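Notes to accompany the following structure.
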Amino acid sequence: MSIKPDIKPVNPSFSSGPCAKRPKWNPDFLKDAFLGRSHRAGQGKKLLKQVIEDHRRILKIPDDYKIGIVPASDTGAIEMAMWSMLGARGIEALAWESFGTGWQKDIIDHLKIEDVDLFCANYGDIADLSKVNSDRDIIFTWNGTTSGVCVPNGEWIKSNRKGLTFCDATSAVFAYDLPWDKLDVTTWSWQKVIGGEAAHGMLVLSPRAIERLESYKPDRPLPKIFRMVKNGKFDESIFEGLTINTPSMMCVADILDSLKWVESIGGLYATIKRCRENLSVIEDWVEKTDWVDFLARSEDIRSRTSVCLKITDSWFEKLGDKQMDFVQALCKLLENENAAYDIKSYRDAPAGLRIWTGATIEKSDLEILTKWLDWGYEKAKKNFS
Ligand SMILES: Cc1ncc(COP(=O)(O)O)c(C=O)c1O
């Protein structure tokens, strides 16, 4: 029997979104936030522009790409792009977990686009990327947060493609060195790898994406919060800090604090390294633990942020439709001990665990967590039997 650990993670928040705040985060950092003032006042615009330029510098986004802050988090950003740009040519819609499947459904059921090839894979697997035709538009998720499966790289996307790529990168940005030359539309939210707040989305557009916006007018109404074109011309102002509607300047102060933290630890390569090292803690533990394995079928597609694990114990397999009840009991036990919050697998995914290992998570906390998992699994199994 494993011994009950006598130490707890300093921060037991391992949720896959909103994700843990950065180490040593404290609301005092927000005392200088530009609150109760118009975001269109000089200082408001300056702060919004700073969010854009900090992202450009840290993520090495090319100068000719446009970066915007848009409403409704990652969903808002990707929906805005889909509704504004899809339909000009055929689409390759890729999905290997819940979010990609959602974008596929939107394209078919709501945008009602007919020329769509669906590439689907079950949880743990990935679509056959070698069959994807880059001369059509491609929509995909860089890292599937609910399955812990990511694309191995961007090499399957042609450099001289005719279509546009739409990449939902919400749990990938700051964790991977994204190949911007392969990405035409990239979206994410603030609350993931660097621990910002929810509500705002980031939308990055390549020059070819802007060309599409100016040359293609979809035959459907677009709500105001999706509109990026004014009198047939791309609306630059949105991408210079003049947001379409009112942003939260509290969230702006918070994301600027996260970005400052990223630079203080060494920038993009430091956040990537932290994610990699965090994953390796889980890898070492899985290696020596006989009841657990990665949901991702191979190492090259294994996420370094949303690590999804399956329970391989034959006892668990025999639980059948009671598996999720057991996972819930295990997670409740760890939550009650303040050892781990929110590590239950996503509701549509196979019953198991999902542990966030993004850049704000401390390696030492994951090491402690694995000890709680050893103890918790045995204890929960005993209670459940
Ligand atoms: C891959 C992916 N896409 C989209 C979303 C939705 O993001 P949001 O809730 O920020 O709109 C999430 C949220 O976890 C996600 O992981």
Seminar exercise, completed: Note on E97: of the conditions (1) acidic (D, E); (2) within 25 Å of K162 (Cα to Cα); (3) surrounded by 17 or more Cβ atoms within 10 Å (Cβ to Cβ), unmet is (2)
Problem set entry | Selection within region 170-212 - within 10 Å of the ligand (Cβ to nearest atom) and part of a loop (DSSP other than H, G, I, E, B) | T170, S171, A172, W190, Q191, K192, A198, A199
Exercise. If only one of S206, S298, S258, S280 is farther than 24 Å from Q191 by Cβ, modelled with pLDDT of 95 or more and surrounded by 15 or more Cβ atoms within 10 Å (Cβ to Cβ), which one is it?
Worked result: S206
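In the set D6, D32, which member is farther than 27 Å from R274 by Cα and either loosely packed, with under 12 Cβ neighbours inside 10 Å or at pLDDT below 95 (or both)? Spell out the reasoning first.
Numbers: D6 fails: farther than 27 Å from R274 by Cα.
Matching residue, one of D6, D32: D32.
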For this session: Being touching a strand residue (DSSP E or B) at 6+ places or on another chain (Cβ under 6 Å) and of a type outside the set (S, T, N, Q) is the filter; apply it to region 133-156 and report the residue that is nearest to the ligand (Cβ to nearest atom).
Result: W142
Seminar exercise, completed: Those residues of region 117-163 which are in contact (Cβ under 8 Å) with a residue 40 or more places away in the chain, surrounded by fewer than 18 Cβ atoms within 10 Å (Cβ to Cβ) and within 19 Å of the chain's Cα centre (by Cα) amount to D125, P152
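Here is a check on your reading of the model: is W156 farther than 21 Å from A77 by Cβ and among the aromatic types (F, W, Y)?
On the way: farther than 21 Å from A77 by Cβ: yes; among the aromatic types (F, W, Y): yes.
Yes.
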Seminar exercise, completed: Sole miss for I225 among (1) within 16 Å of the ligand (Cβ to nearest atom); (2) within 28 Å of S248 (Cα to Cα); (3) surrounded by 24 or more Cβ atoms within 10 Å (Cβ to Cβ) is condition (3)
Problem set entry | Pairs where the first residue, in region 188-213, is in contact (Cβ under 8 Å) with a residue 60 or more places away in the chain and at positive phi and the second is among the aromatic types (F, W, Y) and within 12 Å of the ligand (Cβ to nearest atom), C-beta under 8 Å, 6+ apart | A199/W190
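Is it the case that D128 is away from the ligand (no atom under 16 Å from the Cβ), modelled with pLDDT of 95 or more and more than 30 Å from A253 (Cα to Cα)? Outline the logic, then answer.
Values: away from the ligand (no atom under 16 Å from the Cβ): yes; modelled with pLDDT of 95 or more: yes; more than 30 Å from A253 (Cα to Cα): yes.
Here the answer is yes, as D128 does meet what is asked.
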Exercise. Any idea which of (1) within 12 Å of the ligand (Cβ to nearest atom); (2) touching a residue at least 60 places away in the same chain (Cβ under 8 Å); (3) part of a strand (DSSP E or B) is the one C167 doesn't satisfy?
Worked result: (2)
Exercise. Which of (1) within 26 Å of K230 (Cβ to Cβ); (2) acidic (D, E); (3) surrounded by fewer than 22 Cβ atoms within 10 Å (Cβ to Cβ) is the odd one out, the single condition D109 does not satisfy?
Worked result: (1)
Exercise. Can D168 be described as among the acidic types (D, E), under 30 Å from P18 (Cα atoms) and not assigned by TED's automatic domain parsing to the domain that holds D348?
Worked result: yes
For this session: Say whether the condition of being under 26 Å from D54 (Cα atoms), buried (at least 21 other Cβ atoms within 10 Å of the Cβ) and under 24 Å from the mean Cα position of the chain (by Cα) is met by at least one residue in region 228-236.
Result: yes
For this session: Output the qualifying pairs, or none if there are none: Cβ atoms under 7 angstrom, residues six or more apart or on different chains, first residue in region 59-78 and within 15 Å of F239 (Cβ to Cβ), second residue more than 16 Å from the ligand (Cβ to nearest atom) and of a type in the set (K, R).
Result: I67/R56
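The values are calculated or read from the model by the stated rules, or taken from the named source; none is laboratory data. What you see is a predicted model, and the numbers here were worked out from it, not measured in a lab. Ideal geometry is used to build each Cβ from the backbone, glycine not excepted, and the neighbour counts take in all protein chains shown.
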